Amino acid sequence: AQKITQTQPGMFVQEKEAVTLDCTYDTSDPSYGLFWYKQPSSGEMIFLIYQGSYDQQNATEGRYSLNFQKARKSANLVISASQLGDSAMYFCAMREWNSGNTPLVFGKGTRLSVIA
Amino acid sequence: EPEVTQTPSHQVTQMGQEVILRCVPISNHLYFYWYRQILGQKVEFLVSFYNNEISEKSEIFDDQFSVERPDGSNFTLKIRSTKLEDSAMYFCASSGVSASSYEQYFGPGTRLTVT
């Protein structure tokens, strides 16, 4: 069963505008973590932001924030003030903690293109 | 800032050949992982390694694959007899000093091309 769903294969955003990348997840484990990674054309995986299932507040890291809606099982990434350098693939991922240090499960990704 | 390194950055090999992909995880990390990403697709988990043994592996990680930590620093992925469908980017990752360490640090990847 698909554990991470990213429904937007591609998104366009004007430079300096904000953009939301959608992610929904499926788990029965009450303890889990949600991650967003950026993959530029060079191929490396860059960690952006993390949200724990018990965190009371939405995570923020600079221009990145995570809109965590636990009841809806969604963990959308919001990028504010988009820059040309934000053009990349963005992957949502999850880890479940019920059995220790488990691997990440990734979604299919969203390709973000920032337009000048 | 400490980082995960991987060598080589790109490897081209002929079908049926053995390849070894190398990784140096962050030095005080205890958990190590290999993931792969076929071009244009999502990142998929292959195997995790802890305390000198495999802790979890996916269906992809069949008998053609093996992992080793031959010394205190390197972590290797071996593919015994490569197939065309093994062409992918292979990422090594490591994570922290306890089971609750949440972040996995990824290396830059090795692009494997099987011809």
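Readers should treat all values here as calculations from the given coordinates under stated rules, not as data from a laboratory. Keep in mind that what you see is a predicted model, and the values were worked out from it rather than measured. Every residue, glycine as well, gets a Cβ built from its backbone with ideal geometry; the counts of neighbours run over all protein chains shown.
In the range B:35-115, the alpha-carbon atoms span a convex hull of 112 Å³ per residue. Calculate the translational D of chain A in whole µm² s⁻¹ from Stokes-Einstein, where the hydrodynamic radius comes from the Kirkwood formula applied to all Cα pairs, the temperature is 4 °C and the viscosity 1.567 mPa s. The diffusion coefficient I find is 91 µm²/s. Percent of C-alpha pairs per 10 Å bin in the range A:1-62, short distances first: 15, 45, 33, 7.
Remark: relative contact order (chain A) = 37 percent; criterion is Cα-Cα distance under 8 angstrom and separation of 6 or more residues. Per residue of B:29-39, other chain Cβ atoms within 10 Å of the residue Cβ number 2 on average. Rounded to the nearest 20, the size of the Cβ-charge dipole of the range A:9-62 about its Cα centre is 100 debye, with Lys and Arg at +1 and Asp and Glu at -1. For A:Lys70, the lysines whose Cα falls under 25 Å of its own Cα, not counting residues fewer than eight places away in the same chain, are A:Lys3, A:Lys38, A:Lys108, B:Lys42. At 7 Å along Cα-to-Cβ for each site, give me the label-to-label distance between A:Ile115 and B:Asn28 in nm. Going by the 7 Å Cα→Cβ label model, 4.8 nm.
Relative contact order of chain B: 38 percent, from C-alpha pairs under 8 Å at least 6 residues apart in sequence.
Which chymotrypsin sites (Phe, Trp or Tyr not before Pro) from the range A:45-98 combine a DSSP loop assignment with at most 16 other Cβ atoms within 10 Å? Sites meeting the loop and neighbour criteria: A:Tyr54. Among A:Asp22, A:Asp55, A:Asp86, which one shows the biggest mean-square fluctuation in a GNM of chain A, springs joining Cα atoms closer than 10 Å? Evaluated over chain A, the most mobile residue of the options is A:Asp55.
For the range B:1-75, the normalised intensity computed at q = 0.12, 0.13, 0.28 Å⁻¹ comes to -0.37, -0.43, -1.54 (log10 of I(q)/I(0), Debye sum over alpha carbons, equal scatterers, no solvent).
Packing, as the average of other Cβ atoms within 10 Å across residues, places the peptides B:37-49, B:84-96, A:5-17 in the order B:84-96, B:37-49, A:5-17, highest first.
Entry for the protein assembly as shown at q = 0.14, 0.17 Å⁻¹: log10 I(q)/I(0) = -0.90, -1.27, Debye formula applied to identical alpha-carbon scatterers, no solvent contribution.
With a 10 Å cut-off around each Cβ of B:109-115, the average count of Cβ atoms from other chains is 1.
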